[in-house]
Amino acid sequence: MNKMNIWAGPLVLTLVLSACGHESVEQEGPAPEAKVVENIDLYTVQRTSVSGSRSLAGTVRARSSFSISPRVMAQVERIHGHEGQRVRKGDVLVELDDREFQARLTQAESAMGQAEVQRELAAATLKRYQTLLEGRAVSQQEYDVVAAQEKAAREAVRQAEAAVSEAGTYLGFTRIVAPAAGIVVRKHMDPGALAAPGAPVLTIEEPRYQVEVPLDSSRSGSMAPGSRFQVEVDAAGFSGELQVTEVVPSVDPMSRTFIVRADLPDRESLRSGQYARVSMPDIEREVLIIPETAVVRRGQLDGVYLVPEDGIVRFRLVKTGGLSEAGQVEVLSGLSDGDQLVARDTEGVSEGVRVVAGQAP
């Protein structure tokens, strides 16, 4: 009886497992087929050689600018320039508190007066000793001592004159004048502030301007002084062709760009910092071009519906930029030569559907 129970247990377990396995096999079925969207235009990505012009962003800069800063430490009393004011060379722009420097000049002038009195006394004494020496009333050594005193008195006068000149120079530093004609573009301090050497009070730029354009380092060999490009500065109402005047040879290690500058004609409405739209001849290069209608925008991101060999649509993010004209855009990254994608009517397509091609543009 016990032996029968021992063999019955495994038999029941085997039958249960067999039934479970049989049930799971019966529940498996074919995977649901993807939704089919027919008559979809597809586009095959190809590399294309392009040339023409490229639209770039430039900035209007003053050809030269300079800061008005004091050479002595003193409190600012008056500022005669304000932002937007035109100044001429030599105009007094800043006045500093000069009382301390006026006192130093007065002290130096007083010391010079005392030195001149001592020099006159030493000169008269030397003259008397010259007469006494000729009459052998004094020794040569006594005469030499008086002569040395007269020479020291003359040197003291020269030192006093230098001190007066230095004090006058420092007093002059309390009035800061414009080194050149220009426009005040920024005021850094107000009256009452403590000015120090090197700390700017005003910034002035000459009213002559140029356009600065950052270019990709790959174009460093194609740009040189004399090259021409089209520039539009809408804020100043300017549009015209400019000639490159300067090419900065160094390349920014962060942006991998170098700077090209071109002088702008004189115009009252030009200001430093204005935006300039630059149209520059482009070098011939190979790019990936896709129809603009193929780009799917999700917020600030661009993407396309990629169609691989199995026909199942997959969404892929891409980076566009550079060339953009005639309904086409350049793809900078995200696609490869030979990729196939939905060319238009992307509203009726979503990721995971199966598409049937209509015609390939």
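Laboratory data are not the source of any read-out in this text; all were calculated from the coordinates shown. Treat the numbers as computed from the prediction; the structure is a model and nothing was measured. So basically every Cβ, Gly included, is an ideal-geometry build from the backbone, and we count neighbours across all protein chains shown.
Regarding the range 209-283, what whole-number volume in Å³ per residue does the convex hull of its Cα atoms give?
88 Å³
Check each of the GluC sites (Glu not before Pro) in the range 52-118 and keep only those in coil by DSSP with at most 16 other C-beta atoms within 10 angstrom; list them in order.
Values: sites: Glu77, Glu83, Glu95, Glu100, Glu109, Glu116; in loops: Glu83.
Filter output for the range 52-118: Glu83.
Round to the nearest 10 and give me the degree value, 0 to 90, for the angle of helix 99-134's Cα axis relative to the longest principal axis of the chain.
Helix 99-134 sits roughly 40 degrees off the main axis of the chain.
Given (1) 5, 26, 37, 25, 6, 0; (2) 5, 18, 18, 11, 8, 10, 11, 10, 7, 3, 0; (3) 4, 13, 12, 12, 11, 10, 9, 7, 6, 5, 4, 3, 2, 1, 1, 0, 0, which label gives P(r) over Cα pairs in 10 Å bins from 0, in percent as computed from the coordinates?
(3)
Mind listing the long-range amide H neighbours of Ala343? Cut-off is under 5 Å, sequence gap 5 or more, other chains count too, H placed in the peptide plane at 1.01 Å from N.
It is Asp41, Leu42, Tyr43, by chain and number.
Would you list which lysines come within 22 Å of Lys187, measuring only between C-alpha atoms, while excluding same-chain residues fewer than 8 positions from it?
Filter leaves Lys89.
Around Ala276, what is the net charge, scoring Lys/Arg as +1 and Asp/Glu as -1 over all other residues with Cβ under 11 Å from its Cβ?
Working: positive: Arg61, Arg277; negative: Glu212, Glu232, Asp234.
Residues close to Ala276 contribute a combined charge of -1.
What aspartates and glutamates could a cross-link reach from Lys127, if we take a straight Cα to Cα line under 19 Å and drop same-chain neighbours fewer than 8 places away?
The qualifying aspartates and glutamates are Glu116, Glu142, Asp144, Glu150, Glu155.
Which whole-angstrom value gives the distance between the alpha carbon centres of the range 290-350 and the range 108-129?
After rounding, the separation between the Cα centres reads 96 Å.
With runs of 4+ DSSP H residues as the only contributors, calculate the mean residue ellipticity of the chain at 222 nm using -39,500 (n - 2.57) per run, divided by the residue total and rounded to the nearest 500. Kindly include the intermediate steps, with their values, before the conclusion.
Values: 3 runs with 95 residues, N = 361.
Result for the chain, helices only: -9500 deg cm²/dmol.
Quick one: what Rg and Dmax do you get for the range 57-198 from the alpha carbons, in Å?
25.7, 94
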